[in-house]
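Step one of this worksheet: look at the structure below.
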Amino acid sequence: GGIDRAVWQALFASSAFRLASFLFMLALLWHAWVGVRNIAMDYIKPTAIRLAFQTAVICVLIAYAGWTIQILWGSA
């Protein structure tokens, strides 16, 4: 058998599992930030462009964190 909606709902019903999933996502987002930051510092030499790019990346990563919260603790 496969994993159906009921199995997923039971799995994510636990607050501990939701918290662990959220912490994993934060670690993933941090890893993404470090990688993008290092690549930007190596390849984007003009400071203003690099700062704008990094600011946009931070905004997107914060949005992803908010989306994760909405998915894990939002009403559905």
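The values are calculated or read from the model by the stated rules, or taken from the named source; none is laboratory data. Note that this is a predicted model, so its numbers are computed, not measured. Cβ sites come from the backbone with ideal geometry, for glycine too, and all protein chains shown count toward neighbours. Each accessible area value is taken on the protein alone, full model and side chains, heavy atoms only, with ligands, DNA and RNA left out. Shrake-Rupley method; radii C 1.70, N 1.55, O 1.52, S 1.80 Å.
One residue is enough: does region 15-25 have a residue meeting the conditions of a type in the set (A, V, I, L, M), out of contact with any Lys or Arg (no Cβ under 8 Å at 6 or more places or on another chain) and surrounded by 14 or more Cβ atoms within 10 Å (Cβ to Cβ)? Steps first, answer last, please.
In the first step, residues of region 15-25 are kept if they are of a type in the set (A, V, I, L, M); the result is 16, 19-20, 23, 25.
Narrowing further to those that are out of contact with any Lys or Arg (no Cβ under 8 Å at 6 or more places or on another chain): 16, 19-20, 23, 25.
From the residues that got through so far, the ones that are surrounded by 14 or more Cβ atoms within 10 Å (Cβ to Cβ) too are 25.
The answer is yes; a qualifying residue exists.
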Lone unmet requirement of (1) surrounded by 11 or more Cβ atoms within 10 Å (Cβ to Cβ); (2) aliphatic (A, V, I, L, M); (3) modelled with pLDDT under 95 for Ala76: (1)
In region 27-40, the residues that are aliphatic (A, V, I, L, M) and open to solvent by 70 Å² or more (accessible area, probe 1.4 Å): Leu28, Ile39
